[in-house]
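To start, the structure under review is shown below, and the notes come after it.
The values are calculated or read from the model by the stated rules, or taken from the named source; none is laboratory data. This is a predicted model, so every value here is computed, not measured. As a convention, Cβ positions derive from the backbone with ideal geometry for all residues, glycine included, and neighbour counts pool all protein chains shown.
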Ligand SMILES: NC(=O)c1ccc[n+]([C@@H]2O[C@H](COP(=O)([O-])OP(=O)(O)OC[C@H]3O[C@@H](n4cnc5c(N)ncnc54)[C@H](O)[C@@H]3O)[C@@H](O)[C@H]2O)c1
């Protein structure tokens with residue numbers, strides 16, 4: 001049995017506590033928040049749970065094997081470092097930290113101590129996202145031309161990070177997973193309408209190896225809740241719609257085919273493009289709540305000493321991309337290169353491996 005203490009009981013933390021409580025191999029002992037009024041709500045929801053406003057008490061609790069950090073990103077580094085130094089495994093929410101240096105320091109600390117450090121990139125546990133990964137890997141959709149993500153809603157409005165750090169972090173983790181590598185450059189524009197200087201809307205374009213474009217539109221100032229990604233491949237196109245709980249993935253057998261015109265001697269128009277408009281396939285996607293699967297994976301990593309899928313290397317790449325996005329926005333959309341120590345795979349591997 002793994003004992004977990006949770007720090008941060010705002011909007012998201014209680015979901016993590018609930019998911020761990022549902023697992024047969026885990027139990028939640030202490031929930032911590034700086035705000036007593038949040039703890040009052042928690043005590044009503046989970047009778048008998050211990051609560052504290054002191055994060056050190058949750059971390060140093062001798063009963064705890066692991067700590068969950070679900071606070072705003074600015075406190076992730078200090079709380080996670082403190083928990084790792086106390087010998088606890090940590091699941092910290094995304095984005096991992098505010099700087100690459102902090103991410104790397106925490107990653108090294110976890111490795112040195114033989115502790116699991118996982119990051120809450122929950123879409124890596126979404127079965128629709130995994131189904132699209134399978135379609136890409138099997139070569140079904142061919143080489144990818146571009147990907148377009150929309151992640152909008154009216155609220156929740158954050159006052160700690162902008163829309164791309166809050167929402168786009170998910171899409172970046174998904175793109176990196178699907179394509180098997182991080183982006184090499186970004187151009188982005190953001191605008192603040194509500195609460196200076198935090199951008200409520202960000203439109204960013206990431207360049208991945210092989211000329212693959214990854215576009216992300218994020219906003220909490222939008223009338224519709226949309227969680228949708230379109231993948232345009234050379235052979236087929238796929239739409240993932242997280243709001244469709246039953247049929248989240250659709251594969252469109254559509255493409256533009258190039259045909260060589262035999263009796264055309266003029267080089268202009270020697271190849272003809274034709275639209276292929278075929279069937280729409282709805283593949284079966286297994287059920288399973290992504291957050292529950294993420295929590296279960298964390299417990300399994302602790303029990304078996306295995307490296308998490310949602311590891312710090314992948315999470316650090318996301319932070320690198322987010323920092324470059326901020327820089328591009330500051331410089332009114334100029335292209336900013338993204339330095340990545342990880343070697344990018346050959347472009348054809350993206351489609352056919
Ligand atoms: N994976 C997801 O889908 C997902 C969804 C929502 C939020 N998140 C992430 O979860 C984290 C928290 O987001 P939220 O929406 O719950 O924020 P929130 O502002 O609603 O809640 C954060 C809570 O942390 C508490 N807190 C802050 N510093 C603390 C400290 N030092 N010790 C104890 N408590 C402290 C605050 O009092 C607050 O109640 C963020 O990193 C966010 O990106 C992830």
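Look at residue 149 and say whether it is free of Cβ contacts under 8 Å to residues at least 60 places away in the same chain, assigned by TED's automatic domain parsing to the domain that holds residue 248, crowded, with 22+ Cβ neighbours inside 10 Å and within 16 Å of the ligand (Cβ to nearest atom).
Working: free of Cβ contacts under 8 Å to residues at least 60 places away in the same chain: no; assigned by TED's automatic domain parsing to the domain that holds residue 248: yes; crowded, with 22+ Cβ neighbours inside 10 Å: yes; within 16 Å of the ligand (Cβ to nearest atom): yes.
For residue 149, the condition - free of Cβ contacts under 8 Å to residues at least 60 places away in the same chain, assigned by TED's automatic domain parsing to the domain that holds residue 248, crowded, with 22+ Cβ neighbours inside 10 Å and within 16 Å of the ligand (Cβ to nearest atom) - is not met.
Taking residue 41, is it assigned to a strand (DSSP E or B) and within 28 Å of residue 163 (Cα to Cα)? Give the steps one after another, and end with the answer.
Details: assigned to a strand (DSSP E or B): no; within 28 Å of residue 163 (Cα to Cα): yes.
Answer is no for this residue.
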Check: Quick one: would you say residue 16 is surrounded by fewer than 24 Cβ atoms within 10 Å (Cβ to Cβ), in contact with a strand residue (DSSP E or B) (Cβ under 6 Å, 6 or more places away or on another chain), modelled with pLDDT of 95 or more and in a helix (DSSP H, G or I)?
Finding: no
Check: Would you pick out the residues in region 1-19 that are within 19 Å of the chain's Cα centre (by Cα) and near the ligand (Cβ under 6 Å from one of its atoms)?
Finding: 11, 12, 13
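Surrounded by fewer than 17 Cβ atoms within 10 Å (Cβ to Cβ) and outside any helix (DSSP H, G or I) - does that describe any residue in region 162-183?
no
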